[in-house]
Structures are given as structure tokens and as C-alpha cells.
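Taking it in order: structure first as C-alpha cells, then the write-up.
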Amino acid sequence: MSLVNYLVLSGILFSIGAVAVLLRRNSIIALMGVELMLNAANLMLITFARWHGNLHGEVFAFFVMLVAAAEVVIGLAIVVSIFRTRRSASIDDVNLLKN
Amino acid sequence: MLGTPALTVPTAVVDATAAGGAASYAWLMVALPLLGAAVLLLTGRRSDRWGHWLGVLASGGAFVVGLLVVLQMVGLDPADRVMGLHLFTWLPVGELTVDAGMRLDPLSMSFVMLVTFVGTLIHVYSVAYMEHDVDRRRFFAYLNLFVAAMLILVLADSYVLLFVGWEGVGLASYLLIGFWNYRTDYAVAAKKAFVMNRVGDVGLLLAMMAMFAAFGAVDFDAVFAGAAGASQGLLTAIGLLLLLAACGKSAQFPLQAWLGDAMAGPTPVSALIHAATMVTAGVYLVVRSAPVFDGAPTAQLVVVIVGAITLVFGAVVGMAKDDIKKVLAASTMSQIGYMMLAAGLGPVGYAFAILHLITHGFFKAGMFLGAGSVMHAMDDQVDMRRFGGLGRHMKVTWLTFGAGWLAIIGFPGLSGFWSKDLIIEAAFVGEGWRPWVFGTVALLAAGLTAFYMSRLFFMTFHGKERWAPTSEGKKQHPHEAPALMTVPMVILAIGSVGLGFALTAGDTFVTWLEPAIGHAEHHEPVLPIPAIMGATIALMALGVFLAWRQYAASTVPVEAPRGSVLTRAARRDLYQDAVNEGVFMRPGQYLTRGLVYADSAVVDGAVMGLARGTSGTGGWIRRLQTGYIRSYAAIMLVGVVVALAVVLASRG
């Protein structure tokens, strides 16, 4: 099986994630979109690691997972606290800094 | 203030010996009234009860010191009568070192005697005149301040110190004209006097700068020594600048407009400052700067012309005014014109200018005090058309005013006759067209003087009673003023009668002044002296007769008749205010308005435009910040894609 297929899959996943972030108002869904984009990037890193025959890309993928885990924790915490104060999870309602 | 007498540098022009004896205490003359003013101003209401007597005492003390100095001076050899009193080093600035010092010579001491003697009398008069004014103490503080400043002016031994006194009297004059400053027109009159005096001050400042540039010093000795070798052009320039200063202070043409309005001040102020002393400072300046003017015939000619114009100008205005104080103000202007004319004639006229200044100081101050007494009796009214017949009710005022009146019109034997006649004779001295023109003007003005002063006298003290009711609508009950007011009037009247003869008998005064202003060769006038004297007396008699016929023998209308074009012009001061307004004030106003417009439109416009452009751009850019997270994310995505595309495309 050609490695190109993995790259195509990675591109499709990244696009789905980006569309989810851009189009969905629910912040949970948007976070999930972000996760999807990160994992698409991971897939691409691993694919290229295989392509080049070294472990550099895989090491990067581990870093990305680590950062993604931290990001999800902080992101969800923010979403929860915003939901508590504003009774809404819509990211369009979070515009207090405007004006 | 405390200083030790020291020798001033003797020069080729005037040798000033160090002052000793009473003269070494001459600084007390300035210090006493200055102290009086300081105490009266600083103690405030606490000194309300005795403050006026302190003022009288300070002025009287200055007179006593001055008298002692004069007595000492009389005892000296004439050659030693010019004394210098070094006080302290005042302005040591690089090459320019100005010492504060006094110049005690017959000229300055004559002024000191006039200022302190008349000043003290007017202080005494004011005690009664201002009795019902709540601010009497402040009035005396200003009067003392004036006396101190005037003495600094005449006693200074450098132009810089003279300038201090010059500004000091200007300040005192401003404060006293506007003494009743709750009346807006009085406050405006004070401001007018102040502003017009500033115009003259610029002349004095420029003259000092020219002196420093040319001679490297501004003290009298150095300037006079330098003037002997200076070019005529330089001396003419300095002379004309000094004349500008003199015109401002002495209300001479073309800076004469403030004096009439200055009558807004209390009458004792008009008597002291705007008749006897301050307004004559210009004459003093010209006579004191004699070495400068002697080297500049053109400047001298201009001085004579200015004097002659003001002489006629004041007389014409005086003939038309109905306000008793404004007539006296116009008369003052005219009489100072006589002095200026004499001062411009050169050495032949200096002594006569000062002589007339002294006699004028007595009879004009006396008449102003008389006018104050009349106003005191008539509920502060000043319209002569509503006076008349007051001589029967106020015998002392009538007598003293009569003495002043006869003195100023030059009635044979009285003060004005001696001093004015000498000026008219001096005006006839010379060659070419000048003696004929200036002599004739001086002669005719004597007739005009006789007319307007007689008009004033007859309208006020003779004829029918045309009294207007008081401000409360009651009938007038004129009464003689209290003794505190009449005694100074009587003393000044005695001076008006006898001073002229006392000073001219045996050329006393001219000889007395010689150490200070030099000896003048006697010149014969172009007309024989008896003819001039006869013509003067004839014109005087004619003026009195015409005034008597119109204002004593026939009825004076209560309302001013329309009058001829000249009369109407003279009532409005020959349109001096209109001219000043049209030529100087309006263009100045337009200029400032134009500048304000240019400032707001061009300068502010550029700055504000830049600011508006910046904030407009910011407001436009602000719309990108929607606050929607998803649009930020989209922008980031687009940005990354574009950046990638650019990077990849540039790689080829």
C-alpha cells in the first residue's frame, strides 16, 4: 500500500477538523475539530518518518500528543468555567473583549 | 538701600563730587515714602485709623530731608553743587555694570522740592477729601508709592534707575486712576493710560539699548561724556527715542489721548500726578538729556514741533470741554507743551522749561485742589454748565482758584506771567523761519489759555446759579471745604502768586540751575522784548474779555449748544480716540484676528487633520476585530495557506 494514501487520509482528516472548527458554534465540537487537526498532523508526521526511514517524525508525534493532552485539559476547563458563568457553550457568545 | 557715599567717576562734562553731610542721607528721601507704602499695604485694615497720617508723615519726612540737602547745597560753591551718592552695585552683568546711585544737583533737587512739597500738601488735602472712602489707607499707600517712585525717577544717576522710577510712577498712576475700579469706565481709563505709557516706555528702552551699544554704559556721566564725541545721526536717533518716551509720560502729541481719561482718578491724584509732577517727567527727561539733544538739532526741532502742536491741541480741547477736570487736564497738556517747546529750544530754554514746570506745579495743583473742593461741595458733579455763582458760597476756594487762574493766564506779577513770558521770549530767539513760527504759536496760545481758563473760572464761580439737584434729588447746598482742604489750597495759592517773582528776581533760578544744565548765552529775540510782553498781555486781556462777555455777562445755556465743527471736534478731543482706534487699534485687532484664524485653520488644522486621519483609519481597521473566534480562526487558516503558497511558489 502506497504511503500517499496515508497522506491523503491525513489531508482529509485535517480538512474535516478545520471545517468543524470554523463552522460549528459549540465549543466542545470546535475543540474536537482541533484534536482532529492535530491527529491529522500526527498521521502525516509518522508517514514522513516512515518515508525517510528515521524516527524524527515519530518523536514529534509524541510531543504533539503531549501538547494536545494539555491543551484539551485547559480548553475543557475554560469551556466548563465559561458555561458556568454564561450558561452557554457557544463560542460566538464569548466576545466580551470586543468594544 | 543703605549705602556709603563714594566718589563717582568724574567726567569731562559734569564733575560730580561725593555727597557728604545731609546729602549722604539723601537715600532717606526715597526710603521714607517707600517704607510708608509698605507698612500701609502690609498692615491692612489694622492701620485704617492712623494710616493716612503715616502717609502724610512719610511724605513730609522726605520733604524735610530734601530741604536739608537743598540748604547744604546752597551753602556750597556752585561748582560743587553736582553731587553723586553711590548706593550699591546693582546689576553687574558682564561688561555692563550698573550702580544704583543718586545724582544730587540743582535740577534734581528742584524736582525733589516740588514733588515732596506739593506732594505733602496734597497728602494733607486727601486726608479730608477721602475721609468717607473705606479704602483711604490704600489710597495713601499708593500716594506714598508714587512719591517714592517719582523721587527715584528724578534722583537716579543712570537711565536704568530712572527707568525704574519711570515705571514706578506709571504703576502708581495706573493704580490711582483706577482707584475706584468698580466703575468699569474708570478701570478702562486706567488701562488706557497704562497701555499708552507702555508705547513711550519702548522708546526709553530702545534709547537705553542704543546708548549701551554706542557708549557701553547707561549712567548719565558716561553717556554725556560719550555724547560729546558721538555722531549726529546716533544722537538724533537716541534723542527721538527719548522724545517718544517723554511724549508717552507727559501726554504730548501723538500720545496725548490718555490724560483726559486719567481724570477718572480721585481729584488729589489728578492734582499730584496728572498735573504737577508725573506728567512733567518727560520735560525732566529732555532737560536731563541735554548733552544728547544739544548734539542733535533735528531731534530738538522735533521736540519743539511736538511741544507747539500739543500746546495748541490742549488749548483747543480745553476751550470746548464742559467737564471741569477735563478742562484742567487739557490745560495741563497745553502747559506741558510750553515746557516741551522751551526744552526743545536748547540751552536758552532749559531753565525756563523747568521754571514753568515748577510754577505750573503750584498753580495747577492748586486749581485741581480747588476743583476737588468744588466737587466736594457740589455732590461730585463736574459739569461746569451746572455750576455758576459758586464764588459767593465758597470764598476760600474762589480766592485760591482765582490766584491759580490769574497765574496761569499770565496776569502781570503772578507766577505764570514770569515763567510763561520767558518761554515766549525764548521762542522768538533764533534765525530764519523758526522764531517767527514758534514764537507766534506760543504767543497766540497765551491768548487761548486766557480764554479757556477764564471760561472755566467764570462758568464755575460767577454768573447765575445753574445747579443740578444732587444724585438723591435734593437741592444743592454748596459749602466751604474743611480746613484740612483749604489750608493746602491757600499755601499753593501763595506759591501761585509769589513764586514766579521770587524765582526770577535777579535770575535766581537760572543761576541756581546752571551747575546742572550749563550756562546759556543770552540771545536777543527777533522782536523787541517790550513788544512781545505787550502783545502777550493784550492777547491775555482779549481772551479774558471774550470769556467774560460770553460766560459771565450773558447767560450760559445749561445744555451745550451744538456749536461749530471745530467745537464739536474739540469736545471729542479732536477725534484723538477715533484716530488711535482707526489707525492702531482696529488694524491690530484685524491682525490678531487673522493670526488666530491662521492658527486655528492652518496649524491646528494640520495637527487635527493628522489626528482625525489616524483615528479614522483605526476605526476602519477596528471592524476586523469582530470578536467572533471562528472568524479569527478562519483568518489564521487563510493566512497560513497564503504563507505556504508564497513559500512554495517562491521555491519554484
Lysines with Cα under 26 Å of residue B:325, excluding same-chain neighbours fewer than 8 positions away:
B:191, B:192, B:249, B:364, B:395, B:420, B:464, B:474, B:475
Quick one: grab the alpha carbon gyration tensor of segment B:122-205, order the square roots of its eigenvalues as a ≥ b ≥ c, and give me rounded if a/c is under 1.5, else prolate or oblate depending on whether a/b is larger than b/c.
oblate
Would you calculate the separation in nanometres between label points at residue B:88 and residue B:395, each defined as 7 Å from the Cα along the Cα-to-beta-carbon direction?
5.5
Among B:529, B:260, B:352, which residue has its Cα positioned farthest towards the positive end of the charge dipole of chain B, with +1 placed on the Cβ of Lys and Arg, -1 on the Cβ of Asp and Glu, and the dipole taken about the Cα centre?
B:260
Please report, in Å, the Rg and the Dmax of segment B:455-543, where both are computed over Cα atoms only.
21.5, 62
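How would the protein assembly as shown be classified by its alpha-carbon gyration tensor: rounded, prolate or oblate, with rounded meaning a/c under 1.5 and the a/b versus b/c comparison settling the rest?
Because a/c hits 1.5 or more and a/b exceeds b/c, the protein assembly as shown counts as prolate.
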Which whole-number value in Å² is the accessible area per residue of segment B:356-463, probe 1.4 Å?
26
Counting only protein heavy atoms and a 1.4 Å probe, tell me what percentage of segment A:4-91's accessible area is made up of carbon and sulfur.
75
GNM top mover of A:63, A:48, A:14 - chain A, alpha-carbon springs below 10 Å
A:63
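What does the buried accessible surface come to for A and B, summed over both chains, with the probe at 1.4 Å? Round to 100 Å².
Roughly 900 Å² of accessible surface disappears when A and B pair.
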Using a 1.4 Å probe on protein heavy atoms, which residues of segment A:18-56 have at least 30 Å² less accessible area in the complex than alone?
A:22
Is there a simple number for the mean count of other chain Cβ atoms within 10 Å of the Cβ of residues in B:625-632, and what is it?
5
So, with +1 on the Cβ of K and R and -1 on the Cβ of D and E, and no other charges, what is the size of the charge dipole of the protein assembly as shown about its Cα centre, to the nearest 20 debye?
3420
At a 1.4 Å probe, what is the % contribution of carbon and sulfur to the accessible area of segment B:415-476?
64
Compute the convex hull volume of the Cα atoms of segment B:484-623, divide it by the residue count, and report the result per residue in Å³ as a whole number.
451
Compactness summary of chain B: radius of gyration and Dmax from Cα atoms, Å, are 30.9, 123
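How big is the shadow of the Cα convex hull of segment A:4-91, averaged over all directions, in nm²?
5.5
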So, taking all protein chains as they sit and a 1.4 Å probe, how much accessible area belongs to residue B:174, in Å² rounded to tens?
80
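Ordering B:177, A:28 from largest to smallest accessible area (1.4 angstrom probe), what's the sequence?
Of B:177, A:28, the descending order of accessible area is A:28, B:177.
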Taking only protein heavy atoms into account and a 1.4 Å probe, give the accessible area per residue of segment B:195-276 in Å².
26
For the charge dipole of the protein assembly as shown, defined by +1 on Lys and Arg C-beta atoms and -1 on Asp and Glu C-beta atoms about the Cα centroid, which residue among B:211, B:58, A:3 has the Cα displaced farthest towards the positive pole?
A:3
Only helical DSSP H runs with n ≥ 4 go in: add -39500 (n - 2.57) per run for chain B, normalise by residue count and round the 222 nm mean residue ellipticity to 500 deg cm²/dmol.
-22500 deg cm²/dmol
Debye intensity ratio in log₁₀ form over the Cα atoms of segment A:1-52, taken at each q of 0.15, 0.22, 0.24, 0.27 Å⁻¹
-0.41, -0.70, -0.78, -0.89
B:39, B:98, ranked by accessible area, largest first (probe 1.4 Å):
B:39, B:98
For residue B:577 and residue B:620, what does the FRET efficiency come to when R0 = 56 Å and r is the distance between their Cβ atoms, rounded to the nearest 0.05?
0.45
Solvent exposure of segment A:4-91 as accessible area per residue, Å², 1.4 Å probe
66
Please work out the FRET efficiency for the pair residue B:209 and residue B:480, using the Cβ-Cβ distance as r and a Förster radius of 41 Å; give the result to the nearest 0.05.
0.15
Whole-Å distance, taken between Cα centres, linking segment B:237-263 and segment B:412-438
23
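The values are calculated or read from the model by the stated rules, or taken from the named source; none is laboratory data. Please read these numbers as outputs of a predicted model, since none were measured by experiment. So basically every Cβ, Gly included, is an ideal-geometry build from the backbone, and we count neighbours across all protein chains shown. Areas reflect the complete protein model, heavy atoms only, side chains present, ligands, DNA and RNA absent. Shrake-Rupley method; radii C 1.70, N 1.55, O 1.52, S 1.80 Å.
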